[in-house]
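> Please find one structure pasted underneath; my questions will follow.
The values are calculated or read from the model by the stated rules, or taken from the named source; none is laboratory data. Bear in mind that the values here come from a model prediction, so they are computed numbers and not experimental data. Note that we place each Cβ from the backbone using ideal geometry, even for glycine, and neighbour counts take in every protein chain shown.
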Amino acid sequence: MTSSRIALVTGANQGLGRALVEGLAARLNPADVVLLTGRNAGRVAEAAQEVANAPGTRARVEGRVLDVSDTAAVSALATELHDRHGGVDVVISNAIAPLLPDRSQAAQADEFITVSNTATHAVLRSFGAVLRPGGRLIVVASTLGTLGHLDARFHPLFDGATLDEVEQTVESWRRSVRNGTAQQEGWPLWLNVPSKVAQVAAVRAVAATRRDHDLATGTLVAAVCPGMIDTRASRPWFSDYSHAQTPAQAAAPVLDLILTDHVDPSAYGELIRFGKVLPWHDGTPPTEQDRLLVP
């Protein structure tokens, strides 16, 4: 067991993930460790070295290869950090599989759902179990993650669901996308909508099981919406970036939430955007003309 804080960010080679690592490395203490993770060993090593050598970096930065679609690897890393450090203090589930506009939604569904949802479930289960008192377990989601963005017939599948139930619903949706029946069943065309709702529902499910203990120990489990960001993943979908944030700008309020000493009970288990809770039942189902990546 060590007294230093251990932080981990998934999907951290570039974009928001890297900005979150940079911010943690600048704001944590020299005895603390920030793990920059991704699935490509070369890019992980290069990014970790650049952040470690950047002006303003205070904490120790280490690169770790982690393919979040490999649930066994997620579990193994959580166990390793528990055995070596006694647990983790900050976990940010940020990894995504970018969607491309020149391919059909169905053709991209398996990888997208695996990285956005199956991996999120694995991170919540594995790292939630080793989160130290006073820790932060954060899932990067979107404003699309509020329940009202889905047709009302799907609300009971997510509202008040357990993590196992959320997972079962996600797999049922995945099968319907594979079978070409998703839209007939009422699922939105855009994969991001059910995926983000499921991410937030998963956070809420985990939070419901540990709320009292976490609030008593100053621990936070939550989802965050970082807003519109100018990144490689979002650029194919937008023509006007005049109001987009840089990754560093988007990371700032997320870091503020993570590094504050006080946990607001009203924010626990919720979806938070720029420090404000987004009501779970808000939102309206999108039309086919709506953009896929909505901040």
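> Being touching a residue at least 12 places away in the same chain (Cβ under 8 Å), surrounded by fewer than 23 Cβ atoms within 10 Å (Cβ to Cβ), aliphatic (A, V, I, L, M) and more than 23 Å from Arg125 (Cα to Cα): is that true of Val44 here?
yes
> Looking for something outside any strand (DSSP E or B), closer than 16 Å to Leu8 by Cβ and modelled with pLDDT of 95 or more - is there at least one such residue anywhere in region 94-115?
Yes; the residues of region 94-115 include at least one that is outside any strand (DSSP E or B), closer than 16 Å to Leu8 by Cβ and modelled with pLDDT of 95 or more.
> Would you pick out the residues in region 139-189 that are in a helix (DSSP H, G or I) and in contact with a Lys or Arg (Cβ under 6 Å, 6 or more places away or on another chain)?
Of everything in region 139-189, those that are in a helix (DSSP H, G or I) and in contact with a Lys or Arg (Cβ under 6 Å, 6 or more places away or on another chain) turn out to be Leu144, Gly145.
> Of all residues in region 190-202 being assigned to a helix (DSSP H, G or I) and in contact with a Leu (Cβ under 7 Å, 6 or more places away or on another chain), which is farthest from Phe158 (Cα to Cα)?
Asn192
> Out of curiosity, is Thr79 within 17 Å of Arg27 (Cβ to Cβ) and either part of a strand (DSSP E or B) or among the β-branched types (Val, Ile, Thr) (or both)?
no
> Looking at region 66-75, can you tell me whether even one residue there is modelled with pLDDT of 95 or more, within 22 Å of Asn192 (Cβ to Cβ) and of a type in the set (Asp, Glu)?
Scanning region 66-75, I find at least one residue that is modelled with pLDDT of 95 or more, within 22 Å of Asn192 (Cβ to Cβ) and of a type in the set (Asp, Glu), so the answer is yes.
> Report yes if some residue within region 140-158 is within 20 Å of Leu77 (Cβ to Cβ) and either crowded, with 21+ Cβ neighbours inside 10 Å or among the β-branched types (Val, Ile, Thr) (or both); otherwise report no.
Looking through region 140-158, at least one residue is within 20 Å of Leu77 (Cβ to Cβ) and either crowded, with 21+ Cβ neighbours inside 10 Å or among the β-branched types (Val, Ile, Thr) (or both).
> Given the residues Val170, Val166, Val200, Val193, which is the only one that is within 27 Å of Val130 (Cβ to Cβ), touching a Pro at 6+ places or on another chain (Cβ under 9 Å) and buried (at least 20 other Cβ atoms within 10 Å of the Cβ)?
Exactly one residue qualifies, and that residue is Val170.
> Turning to a different aspect of this structure: Only residues that are among the aliphatic types (A, V, I, L, M) and either modelled with pLDDT under 95 or assigned to a loop (DSSP other than H, G, I, E, B) (or both): list them for region 36-65, please.
Residues satisfying the conditions are Ala54, Ala59.
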